[in-house]
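One structure is given below, encoded as structure tokens.
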Amino acid sequence: MKAGTIDLHLHSTASDGRLDPAALAAHARACGVQVMALTDHDTTAGLAAAAAAAEALGMTFIPGVEISADWRGRSVHVLGLGIDPGGGTLTRGMQQLARERERRATEIARRLDAAGAPGTAVLERVRGLTGNPTRTHFARALSEMGAVFSLAEAFDRYLGRGRPAAVRSQWPAMADAVSWIRAAGGIAVLAHPLRYLLSGGARRELCREFQQAGGLGIEVVCGGGSATQQEQAASLALRTGLAGSVGSDFHDPAIPWNRPGRLAKLPAAVPAVWTDPTFPLALRETA
Ligand code: MN
Ligand code: MN
Ligand code: MN
């Protein structure tokens, strides 16, 4: 398969992406993507529509999810690729995550109100959207209602760490997220491993624990990542014996520097997750 045609990390309106699942598939195809995974935050609701659209466009579709999880009190993101969204264990996990997102959304709104921002109105707006409520939805709503000038300001003033509407999430343990993915027949990939604020030693420990929990790989090539970051992630994969994945983390076509499929090649030394015997068969055959 040609480089730059695989993108295993994309978002739709089922979470905080700007394109609905079918439009996302069309956009990815127009950007040259041949193999796509839809990986919305904590939901599989967009998979059926995206799969139908991708297949109609002649693409290979990998059903996925990006699960919010806890590792030693920090939020980490675990991608599940090649999952069967109908499985009981994963479905119960998604229900648990939806309850936590709902609890957090209500609490964010309450705290926004207390901080003098239009929390209740923002929550109504967020609830009127199709997707699972994320902090990005709150930031966009605050901006659209004129309470802030930008998404960055929404996080700086209200939603970011240490700000008045920062609500601590109670995500499932990382090992549980991995086990849900494996129970659904998928492989687990630690998303954007360099984005977590950790020392080098702690990052390697995170990767080792991820592997011990049954994780297969880490994202080595991420959208917007620099060449240096890719080298760091590649050496992290090689040192910890994890495979490598590639994904843009695309959300929004208005952000021109993060298009689907616009990704560097996975360094040759790092085994690709899609060549692993446990990866979904369709992709092994085309790779
Ligand atoms: Mn997102
Ligand atoms: Mn993420
Ligand atoms: Mn993502």
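The values are calculated or read from the model by the stated rules, or taken from the named source; none is laboratory data. Computed from a predicted structure; not experimentally measured. Note that each Cβ is placed from the backbone with ideal geometry, even for glycine, and that neighbours are counted across all protein chains shown.
Summary table
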{"item": "Selected residue [at pLDDT 95 or above, away from ligand 2 (no atom under 16 Å from the Cβ) and surrounded by fewer than 21 Cβ atoms within 10 Å (Cβ to Cβ)] from ALA51, ALA3, ALA28", "result": "ALA51"}
{"item": "Test for LEU97: is it in contact with a strand residue (DSSP E or B) (Cβ under 6 Å, 6 or more places away or on another chain) and touching a residue at least 24 places away in the same chain (Cβ under 8 Å)", "result": "no"}
{"item": "Scope the stretch 170-183; condition outside any helix (DSSP H, G or I) and among the small types (Gly, Ala, Ser); matching residues", "result": "ALA173"}
{"item": "Matching residues in the stretch 28-52 - criterion: being within 16 Å of ligand 3 (Cβ to nearest atom) and either farther than 22 Å from ILE187 by Cα or not in a strand (DSSP E or B) (or both)", "result": "ALA28, VAL33, THR39, ASP40, ASP42, THR43, THR44, ALA45, GLY46, LEU47, ALA50"}
{"item": "Residue satisfying condition, being of a type in the set (D, E, K, R), at pLDDT 95 or above and more than 16 Å from ligand 1 (Cβ to nearest atom), within set ASP40, ASP70", "result": "ASP70"}
{"item": "Out of ALA139, ALA202, ALA183, sole residue that is under 22 Å from LEU19 (Cβ atoms) and either outside the structural domain of ARG110 (by TED's automatic domain parsing) or within 16 Å of ligand 1 (Cβ to nearest atom) (or both)", "result": "ALA139"}
{"item": "Residue ranges of helices (runs of 4 or more DSSP H) in the stretch 189-287 with at least 3 members within 19 Å of ASP7 (Cα to Cα) and in contact with a strand residue (DSSP E or B) (Cβ under 8 Å, 6 or more places away or on another chain)", "result": "227-240, 281-286"}
{"item": "Residue list for the stretch 7-42, filter: farther than 22 Å from PHE138 by Cα and among the acidic types (Asp, Glu)", "result": "ASP7"}
{"item": "Single condition GLY247 does not satisfy, out of (1) surrounded by fewer than 13 Cβ atoms within 10 Å (Cβ to Cβ); (2) touching a residue at least 60 places away in the same chain (Cβ under 8 Å); (3) within 16 Å of ligand 3 (Cβ to nearest atom)", "result": "(1)"}
{"item": "Close pairs (6 angstrom Cβ cut-off, 6 or more residues apart or separate chains): under 14 Å from MET94 (Cα atoms) in the stretch 166-178, part of a loop (DSSP other than H, G, I, E, B) and not polar (S, T, N, Q) anywhere", "result": "VAL178/ALA213; VAL178/GLY214; VAL178/GLY215"}
{"item": "All positions within the stretch 217-237 that are under 15 Å from ASP276 (Cα atoms) and more than 15 Å from ligand 3 (Cβ to nearest atom)", "result": "GLY217, ALA237"}
{"item": "Subset of the stretch 11-26 (residues that are in a helix (DSSP H, G or I) and more than 16 Å from ligand 3 (Cβ to nearest atom))", "result": "ALA22, ALA23, ALA25, ALA26"}
{"item": "The stretch 73-90: number of residues that are among the polar types (S, T, N, Q) and modelled with pLDDT of 95 or more", "result": "1"}
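Let's see how each residue does on (1) modelled with pLDDT under 95; (2) within 16 Å of ligand 3 (Cβ to nearest atom):
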residue: ARG135; (1), (2): yes, yes
residue: LEU151; (1), (2): yes, yes
residue: GLN170; (1), (2): yes, no
residue: ARG182; (1), (2): no, no
residue: VAL189; (1), (2): no, yes
residue: ARG204; (1), (2): no, no
